[in-house]
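J.: The structure is given below, and queries will be raised subsequently.
Please treat every number below as a calculation from the coordinates, not as lab data. The model shown is predicted, which means the values in this text are computed figures rather than measured ones. Glycine gets a Cβ as well: all are built from the backbone with ideal geometry, and neighbour counts include every protein chain shown.
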Amino acid sequence: MSRLIVVSNRVNPPSGKGEESVGGLAMALAAALREYSGLWFGWSGKTTPEFNGQLAMQKVDGVTVATVDLEEIDVDEYYNGYANKTLWPLFHYRTDLAAYDRAYGEGYERVNIRFAETLRPLIERDDLIWIHDYHLIPMARELRKLGVKNRIGFFLHVPWPAHQVFTTLPGHRLLVQALFDYDLVGFQTVEYRQAFEEYVLAEAGGAQTSPGHLKAFGRKLQVGAFPIGIDAADFARMLRSPRARRMRDLMAACTVFRHLIVGVDRLDYSKGLEERFIGFERLLAGHPDIRREVLMLQIAPVSREGVEAYQEIRGRLDALSGRINGEFADIDWAPFRYVNKNYRRDELAGIYGAARVGLVTPLRDGMNLVAKEFVASQNPEDPGVLILSRFAGAARQLDQALLVNPNSPEEVAEALKQALAMELPERIRRWRALFDNVQREDVTAWRDAYVAALAGTEQRRTALAS
Ligand code: G6P
């Protein structure tokens, strides 16, 4: 079996103890690597005054983790800049928030070169290399320049936007061209794959040689949809842990005679939190009879604080949550708990398990693993109801959830009303279908499908006449 090298910007070595918190990508990669005794390479999350390419190596749970420090200017221009001020908003359809600055683009290229040069000496002949997410699109091109002939795959965890949205990016063609230095590019859903294909055909003069096979820029590329899942077996184990049970009991004690509605998201403008808060406010305003019967808990750990748009949304959510409690709370009761603290995954499992409604309403989301974790946490005899945005990649698989348009607070309020009133047989019927999918299409199935497809691509890259 070939060795697997996984590369991602953020590296979160698995502790195996459920300590990791919200943030699906790192958890999924940890699970994906476990059976491969592979190598995981990425940024240490630390800075150094001058880049030195020095690797910090550790062995965690059979996986070798290799990280490198970056300079502060790299973090500004590459991570906060091009990755999170340019590509993240653009890929989530927020062209109004996307910032275009040449320095960001240069920083992005520089860090990708640095990562490629640092990883190069660790690569062995038969290794499969699997690079993850929008931070690292040009990395295969840089590895190829250094003579790497191994199979290299890329997986995009976020949406691939529609053609008209993507072309608002200056230099969009170069970014797509860089993807043609991979052997396989994976997307979360068929729609994202199609949006990419449409771009290649319309904008890059490319062609589809057969389903899933493209030709452009004088190269061939295989593409596919590989929806990511959760580590279902590990999650089931965590659910039985004392911490999860304690949390479930605690939440049950906080909601005696009340139903718990729960949302868990990184504090990000793509998550639809403002619309969700207003939806809950509408529910309370329109239904005085259920005011005392619900408690909404929104857990939203702060994220990417170096980016202004994140500071701004935080301010707006502080104001909104205060307004809702100010308007509806009584001296002995408040309807809303808004918490910026980060919780362990085993604790979150307990919280999900205590909830009657899971509210997952991103405006755009590549997949959304919180939706899947919520489903996995439910009691089969008395399961809660998942309300899910139709713009999350997960909506394709989890179509037995109550699907909503997250832009509409009215729709969110109506779905909440419907979920709270849903009778047990319907809750069980819907949940069973959801659970079946979450179990079947889990992280192992995702990894195996992707790795098999990558291993099946042609070994040597041959330049095609364009
Ligand atoms: C999303 C991205 C990941 C990223 C995660 C956390 O899931 O797709 O690549 O790691 O958010 O964001 P952060 O900026 O903290 O790594």
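J.: What ratio of Cα Rg to 2.2 N^0.38 Å holds for the chain?
T.: Its radius of gyration relative to the 2.2 N^0.38 Å reference: 0.99.
J.: Give the shape of the stretch 233-440 as rounded, prolate or oblate, defined through the alpha-carbon gyration tensor: a ≥ b ≥ c are the square roots of its eigenvalues, a/c under 1.5 means rounded, and otherwise the shape is prolate if a/b is larger than b/c and oblate if not.
T.: It is rounded, given that a/c, with a ≥ b ≥ c, falls under 1.5.
J.: Using the Cα centre of the stretch 233-440 as origin and beta-carbon charges of +1 (Lys, Arg) and -1 (Asp, Glu), tell me which of Gly272, Gln397, Gly322 is placed farthest towards the positive end of the dipole.
T.: Gln397
J.: Could you give the nm distance between label points at Arg258 and Thr168, where each point is 7 Å from its Cα heading toward the beta carbon?
T.: My value for the distance between the label points is 4.0 nm.
J.: Taking every DSSP beta bridge with both residues inside the chain, roughly what % is antiparallel (nearest 5)?
T.: Expressed as a percentage, antiparallel bridges in the chain total about 25.
J.: Tell me the angle of helix 409-421 to the major Cα principal axis of the chain, expressed in degrees between 0 and 90 and rounded to the nearest ten.
T.: For 409-421 against the chain, the angle is about 60 degrees.
J.: Taking θ = phi - 60°, what integer Hz values does the Karplus form 6.51 cos²θ - 1.76 cosθ + 1.60 yield along the stretch 222-228, in sequence order, with x for Gly and Pro?
T.: In residue order, the calculated couplings are 9, 10, x, 9, 9, x, 6 Hz.
J.: Quick one: what are the phi-derived ³J(HN,Hα) couplings along the stretch 89-97, Karplus 6.51/-1.76/1.60 with θ = phi - 60°, whole Hz, x for glycine and proline?
T.: 3J(HN,Hα) across the stretch 89-97, in whole Hz: x, 4, 5, 9, 6, 9, 4, 5, 9.
J.: With an 8 Å Cα cut-off and a minimum separation of 6 or more residues, compute the relative contact order for the stretch 233-440 in percent.
T.: About 25 percent, as a whole number.
J.: Under 15 Å from a point placed 7 Å out from the Cα of Arg432 along the Cα-to-Cβ direction: which residues of the stretch 389-421 have their backbone N that close?
T.: 400
J.: Remind me, relative contact order of the stretch 1-159 in percent, using alpha carbon pairs under 8 angstrom and six or more residues apart?
T.: Answer for the stretch 1-159 is 24 percent.
J.: Shifting gears a bit: By how many degrees, 0 to 90 and rounded to 10, does the Cα axis of helix 308-328 deviate from the longest principal axis of the chain?
T.: Taking the Cα atoms of the chain, the angle to 308-328 is about 10 degrees.
J.: Okay, moving on. By how many degrees, 0 to 90 and rounded to 10, does the Cα axis of helix 345-354 deviate from the longest principal axis of the chain?
T.: 40 degrees
J.: Please list, in chain and number order, the residues 5+ apart from Trp40 or on another chain whose amide H is under 5 Å from its amide H, with Hs placed from the backbone.
T.: Distant-sequence amide H within range of Trp40: Val6, Thr64, Val65, Ala66.
J.: Another one. For a quick check of your reading of the filter: which GluC sites (Glu not before Pro) in the stretch 60-164 sit in a DSSP loop and have no more than 15 other Cβ atoms within 10 Å?
T.: Answer by residue number: Glu124.
J.: Nearest 500 deg cm²/dmol is fine: what mean residue ellipticity at 222 nm does the chain get from its DSSP H runs of n ≥ 4 alone, each adding -39,500 (n - 2.57), divided by its residue count? Intermediate values should be presented prior to the final figure.
T.: Numbers: 16 runs with 182 residues, N = 466.
Rounded to the nearest 500, it is -12000 deg cm²/dmol.
J.: Right, next: For Glu124 and Gln208, what does the FRET efficiency come to when R0 = 51 Å and r is the distance between their Cβ atoms, rounded to the nearest 0.05? Walk me through the numbers before you get to the answer.
T.: On the way: r = 34 Å, r/R0 = 0.66.
Efficiency for this residue pair is about 0.90.
J.: Moving to a separate point now. Gln311 label point, 7 Å along Cα→Cβ, cut-off 19 Å on backbone N: hits in the stretch 57-77?
T.: 72-77
J.: Going through the stretch 103-165, which trypsin sites (Lys or Arg not before Pro) have at most 13 other Cβ atoms within 10 Å and a DSSP loop state?
T.: Within the stretch 103-165, the qualifying trypsin sites (Lys or Arg not before Pro) (loop, at most 13 other Cβ atoms within 10 Å) are Arg125, Lys149.
J.: Still on this structure: Which order do peptides 180-188, 214-222, 365-373 fall in by mean Cβ count within 10 Å, highest first? Present the calculation step by step, with values, prior to reporting the outcome.
T.: Working: 180-188: 24.8, 214-222: 19.9, 365-373: 28.0.
Peptide ranking by packing, descending: 365-373, 180-188, 214-222.
J.: Counting only C-alpha contacts under 8 Å and six or more residues apart, can you give the relative contact order of the chain as a whole percent?
T.: 16 percent
J.: Using amide H atoms built 1.01 Å from N in the peptide plane, name the residues 5+ places from Val11, or on other chains, whose amide H lies under 5 Å from its own.
T.: Under 5 Å from the amide H of Val11: Trp43.
J.: Calculate the dipole size of the chain relative to its Cα centre from +1 charges on Lys and Arg beta carbons and -1 charges on Asp and Glu beta carbons; express the result in debye to the nearest 20.
T.: 920 debye
J.: Quick one: which residues, 5+ away or cross-chain, put their amide H under 5 Å from the amide H of Phe336? H built at 1.01 Å from N.
T.: Met296
J.: Same structure again: So what are the ³J(HN,Hα) numbers for the stretch 26-32, from phi and the Karplus equation (6.51, -1.76, 1.60; θ = phi - 60°), rounded to whole Hz, Gly and Pro as x?
T.: Taking θ as phi minus 60°, the curve returns 4, 5, 5, 5, 4, 5, 5 Hz for the stretch 26-32.
J.: While we're on this one: How far apart, in nm, are two points set 7 Å out from the Cα along the Cα-to-Cβ line at Asp330 and at Asp289?
T.: In this crude label model, Asp330 to Asp289 measures out at 1.7 nm.
J.: Here's something else I'd like to know. Per q in 0.16, 0.20, 0.22 1/Å, what log10 I(q)/I(0) does a Debye calculation on the alpha-carbon atoms of the stretch 230-320 return?
T.: Log-scaled intensity ratios, in q order: -0.87, -1.06, -1.10.
J.: Let's see if you can work this out: charge +1 on each Lys and Arg Cβ, -1 on each Asp and Glu Cβ, no other charges. What is the dipole magnitude of the stretch 356-466 about its Cα centre, in debye to the nearest 20?
T.: In total the dipole reaches around 340 debye.
J.: Within the stretch 386-448, list the trypsin sites (Lys or Arg not before Pro) lying in a DSSP loop whose Cβ has at most 16 other Cβ atoms in a 10 Å radius.
T.: Passing sites in the stretch 386-448 are Arg390.
J.: Longer than 22 Å from Cα to Cα, which of Lys85/Lys220; Lys85/Lys271; Lys145/Lys215 are they? Say none if no pair is. All intermediate terms of the calculation are to be shown ahead of the outcome.
T.: Numbers: Lys85/Lys220 31 Å; Lys85/Lys271 16 Å; Lys145/Lys215 20 Å.
Exceeds cut-off: Lys85/Lys220.
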